[in-house]
Amino acid sequence: MSEDIINSSKQLNTLIRESEEYQKYCLYKKELSQIPELYERVQEFRKRNFVLQIEAETYDREAASRLSDEFRAILENPLAASYLNAELAFCKMSQRIFREVCDDIELELDFL
């Protein structure tokens, strides 16, 4: 593997860690982890939401609504909401980076 690619990857990694999106995510994660009960409930919501998304062939609005209802108190908590919003912003940034990196690279992924 080319050292240039490795070095560029390390530079990109540094830029990502310095980004506002990642910094906010880390800040809210640190604050949230200081409240173990809330942190555990948020992690349970994240896990169940993730499973719901990957197991469904199409978006199941009713299941998502039930999950949101079940975790309403958590989702309305300002710290939990800030953490989840920061995570979402970071994930969107990561997706965009990946698309840009792979934009002109031919890789057969039609099976996905």
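Read-outs: derived from the displayed coordinates by stated rules, not from any lab. Owing to the predicted nature of the structure, the values given are computational and were not obtained by experimental measurement. Cβ placement follows ideal geometry from the backbone for every residue including glycine, while neighbour counts extend to all protein chains displayed.
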Handout entry: Principal axes of the chain: Cα extent on each, largest first, Å
Key = 49, 36, 18
Practice task
Using a 10 Å cut-off on Cβ atoms, rank the peptides 48-55, 2-9 from the highest mean neighbour count down.
Solution key: 48-55, 2-9
Practice task
Give, as a single signed number, the net charge of other residues whose beta carbon lies under 14 Å from the beta carbon of Y22, with Lys and Arg counted +1 and Asp and Glu -1.
Solution key: +2
Problem - Highest-first arrangement of 95-102, 62-69, 73-80, where packing means the average Cβ count within 10 Å - result: 73-80, 62-69, 95-102
Practice task
Principal axes first, then extents: for the Cα atoms of region 39-80, list largest minus smallest coordinate on each axis, whole Å, largest first.
Solution key: 31, 16, 12
